[in-house]
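Student: Here you go, one structure.
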Amino acid sequence: MTVEKAFYKKVLLKLSGEALMGDRSSGIDPDVVNSIAGEIGEVVALGVQLGVVVGGGNIFRGSEAKTGGIDRTTADYMGMLGTVINSLALQSALEHRGVETRVQSAIEMKEIAEPFIQRRAIRHLEKGRVVIFAGGTGNPYFTTDTAASLRAMEIKAEVIMKATMVEGVYDKDPIKYSDALMFERISYTAMLTKSLKVMDAAAISLCRDHNLPVVVFNLRKPGNIKRVICGQPVGTIVGG
Ligand code: GTP
């Protein structure tokens, strides 16, 4: 039996809201959340310190609300509230499996979650608790990808693991084009200049400025979270 060892010891996992909805058109699929929680539990058992940022697009997508007559700032706050709902769902699924968690929200709502306090988040991680960062950055006009970059920096993560529905970063949309080619490695600058819509520019620039690598990988393939954490060649590495 091979003993699995973590290659990355402190990680920020970014899950999109859509990742939680499975094959539904919106909302949360409890089976999907449970299976993600199971995979997270496995890597925590390897001694990995794990922070998680969850998006909110399965509940409300701020950037698409214009057509509905909701102004952008309000829509973004609605999206941030969506991330809190998702964070609580993930917390509950993890705790059912005996994985200790804390939810910290960028927008104070003390009855529901702790406020985000950087030093406290680091302490929770040191104690082996998964910290789920809710509420994005707490500001409109920012995405949860940017929140992931920011929190990764704040907890001093070695890497951001960006979960997607495809294998990695491609030269064009692999869902639309069957001849799309996947990169094993790509630079931050190439990501920005080619406008590859995997992460938004603000998030990538922040990673580039602080030399924080991002691994883009397919969440739908069971076991991939652990594979990436164990340093196996999965997905695309975005780096310098
Ligand atoms: P240690 O100090 O390391 O023991 O961490 P801890 O998180 O266990 O300590 P604390 O006594 O601060 O928290 C106990 C529980 O209350 C945990 O589940 C926290 O997530 C929760 N908690 C702490 N602060 C808040 C808050 O402001 N709002 C909410 N809703 N829960 C909180």
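Student: Would you pick out the residues in the range 96-121 that are outside any loop (DSSP other than H, G, I, E, B), free of Cβ contacts under 8 Å to residues at least 40 places away in the same chain and within 11 Å of the ligand (Cβ to nearest atom)? It would help to see each step written out before you state the result.
Tutor: Within the range 96-121, the subset outside any loop (DSSP other than H, G, I, E, B) is 96, 101-105, 114-115, 118-121.
Next, from what is left, pick out any that are free of Cβ contacts under 8 Å to residues at least 40 places away in the same chain: 101-105, 114-115, 118-120.
Matches in the range 96-121: 101, 102, 103, 104, 105, 114, 115, 120.
Student: Can you find a residue that is of a type in the set (S, T, N, Q) and surrounded by 19 or more Cβ atoms within 10 Å (Cβ to Cβ) anywhere in the range 20-39? I'd like the intermediate steps shown before the answer.
Tutor: Going residue by residue through the range 20-39, those that are of a type in the set (S, T, N, Q) are 25-26, 34-35.
Subsequent filtering for residues that are surrounded by 19 or more Cβ atoms within 10 Å (Cβ to Cβ) retains none.
Within the range 20-39, not a single residue is of a type in the set (S, T, N, Q) and surrounded by 19 or more Cβ atoms within 10 Å (Cβ to Cβ).
Student: Would it be correct to say that residue 92 is within 13 Å of the ligand (Cβ to nearest atom) and either modelled with pLDDT under 95 or surrounded by 14 or more Cβ atoms within 10 Å (Cβ to Cβ) (or both)?
Tutor: yes
Student: Taking only pairs six or more apart or across chains, which ones have beta-carbon atoms under 8 Å, a first residue in the range 34-59 that is under 14 Å from residue 8 (Cβ atoms), and a second residue that is acidic (Asp, Glu)?
Tutor: These pairs meet every condition: 46/4; 49/126.
Student: Residue under question is residue 82, and the condition is that it be closer than 16 Å to residue 61 by Cβ and either buried (at least 20 other Cβ atoms within 10 Å of the Cβ) or more than 11 Å from the ligand (Cβ to nearest atom) (or both); does it hold? Let's see the steps before the verdict.
Tutor: Values: closer than 16 Å to residue 61 by Cβ: yes; either buried (at least 20 other Cβ atoms within 10 Å of the Cβ) or more than 11 Å from the ligand (Cβ to nearest atom) (or both): yes.
Judged against the criteria, residue 82 is a match.
The values are calculated or read from the model by the stated rules, or taken from the named source; none is laboratory data. Keep in mind it's a predicted model, so treat the numbers as computed, not measured. Positions of Cβ are backbone-derived with ideal geometry, glycine not excepted, and every protein chain shown enters the neighbour counts.
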